[in-house]
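Here is the structure we will look at.
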Amino acid sequence: MTNMHKRAIKSMKPASSLLNRREFAKTTLLAGAAVASGAVVGEDIKRIRTGVIGCGSVSGSYLPVLSKCPYVEVVSLCDIRPERARKRAEEFKVAHHYPHIDKMLAGEPFDFLIDLTDMQEHEHLNRQALEAGKHVWSEKPIANSLAAGQELLRFSRQKNRRLWGAPITVQSPQFAFMARTLAQGALGRVAAAHADYGHEGPNWSSFFYEKGGGSMPDLMVYNLTSLTGLLGPAKHVTAMLSIVTPERDITEKGKIKVTEEDNAMLLLDHGKGVIAHVQSGFNYFNPHGHDGSGEQRHTITIVGSGGFIGLVGYDWAPQGVDVATHKQPKLERHATDAEGYIWQQGAALAAECLVTGRELLVTPEQALHVLEIITAARASQETGKRIALTSTFKWPIVS
């Protein structure tokens, strides 16, 4: 074992149950690099036996990270299209694959389920996994309603199991910098915020446009997580939603009718006079396409009586943070180092939590609050009313 590998293994041993964002990301990636290079991970490093359900496009982003994570042993894959599960199993050298969750749960034993299925399927699959005694990491959303999500969380606690949900935007160093800047009062009295995220819409599956889908749970969920993380839980929601493109051409299906919003604009009342505007849609042309690496716009901005702060790039692939204040009126860029952060690492970080006891900044309570905002927005569109929110989460989020 080289000195680099020894340092990587040593750095993984926790000094406490809490670890700052920079150390958390870098120790995980260092250890992953050691494993990928053939180093032998110390016997004291436990691997949590993991099953992944959903072997479509998102699994192609998750599995490379999971396969290099020293805390994860992927033992089984599952997909209702058995050929997809078989191909992923061959690609990532996973010994077992199944065509249905029932067979997966009855098959090779595992402790941690990662749910990467269509968003409409998350709620019942997450419930079934928790009932079977598994910890769960779910792609967004955790459930289809706040009440159902809260019941899942209560049940997970009764079973002494952990439940988490994507996205992990609050884990980025750019989020940390913005949160610190706000906490320091650099912007004066915060007044308003704006966030936007969209593209021209996927054509590889119809679930984005069917009941339970839409641009909010697929796209806006990122901005809502970031903004509530920075400004605190929302108190009220007012929204206007629409369908701009009533039909879509979907690979393998042809033309389908769009039933869920592909255009959304929300106003959030965060209390104490702070108002945020968030928009998302599947009709947004972007010269950079869906690849976040080329995006240089401010996709999240916050302004106050004494300053401005803007996130450069998408919050799931941030490039830096620009700040201007009365004292420094010229925009200055900060936090340009990703420090190991990638959006695909959420489940791997959750596995590290299960093994070491280190806690993520991502919480199911915030994920459920964001879910309530989305469902409240739909109620606002239907009724034309401002909708009060009932959920909350621990805030401020600090590392």
Fill in: Criterion violated by Val355 - all others in (1) part of a loop (DSSP other than H, G, I, E, B); (2) over 16 Å from the mean Cα position of the chain (by Cα); (3) more than 17 Å from Leu266 (Cα to Cα) satisfied
(1)
Worksheet item: Within segment 356-388, can you find the residues that are surrounded by fewer than 18 Cβ atoms within 10 Å (Cβ to Cβ) and among the hydrophobic types (A, V, I, L, M, F, W, C)?
Response: Ala379, Ala388
Worksheet, complete the sentence: Going through (1) on the phi < 0 side of the Ramachandran plot; (2) over 16 Å from the mean Cα position of the chain (by Cα) one by one, Gly320 fails only at (1)
Practice prompt. For Ile309, state whether it is touching a Phe, Trp or Tyr at 6+ places or on another chain (Cβ under 8 Å) and of a type in the set (Val, Ile, Thr).
Written response: no
Discussion item. Against the definition (crowded, with 20+ Cβ neighbours inside 10 Å and touching an Asp or Glu at 6+ places or on another chain (Cβ under 7 Å)), how does Pro217 come out, yes or no?
Written reply: no
Worksheet item: Take the residues of segment 89-100 that are under 28 Å from Asn144 (Cα atoms) and touching a helix residue (DSSP H, G or I) at 6+ places or on another chain (Cβ under 6 Å): which is surrounded by the most Cβ atoms within 10 Å (Cβ to Cβ)?
Response: His97
Worksheet item: Got at least one residue in segment 272-282 being surrounded by fewer than 19 Cβ atoms within 10 Å (Cβ to Cβ) and part of a strand (DSSP E or B)?
Response: yes
Worksheet entry | The lone exception for Phe24 - which of (1) modelled with pLDDT of 95 or more; (2) closer than 23 Å to Glu359 by Cα it fails | (1)
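For (1) assigned to a helix (DSSP H, G or I); (2) more than 23 Å from Ala335 (Cα to Cα); (3) assigned by TED's automatic domain parsing to the domain that holds Ala324, each residue gets a yes or a no:
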| position | (1), (2), (3) |
| --- | --- |
| Leu153 | yes, yes, no |
| Phe177 | yes, no, yes |
| Thr181 | yes, no, yes |
| Gly188 | no, no, yes |
| Phe208 | yes, yes, yes |
| Gly212 | no, yes, yes |
| Asn223 | yes, no, yes |
| Gly229 | yes, no, yes |
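The values are calculated or read from the model by the stated rules, or taken from the named source; none is laboratory data. Just so it is clear, the model here is predicted, and its values are computed rather than measured. FYI the Cβ positions are ideal-geometry reconstructions off the backbone, even for glycines, and counts take in every protein chain you see.
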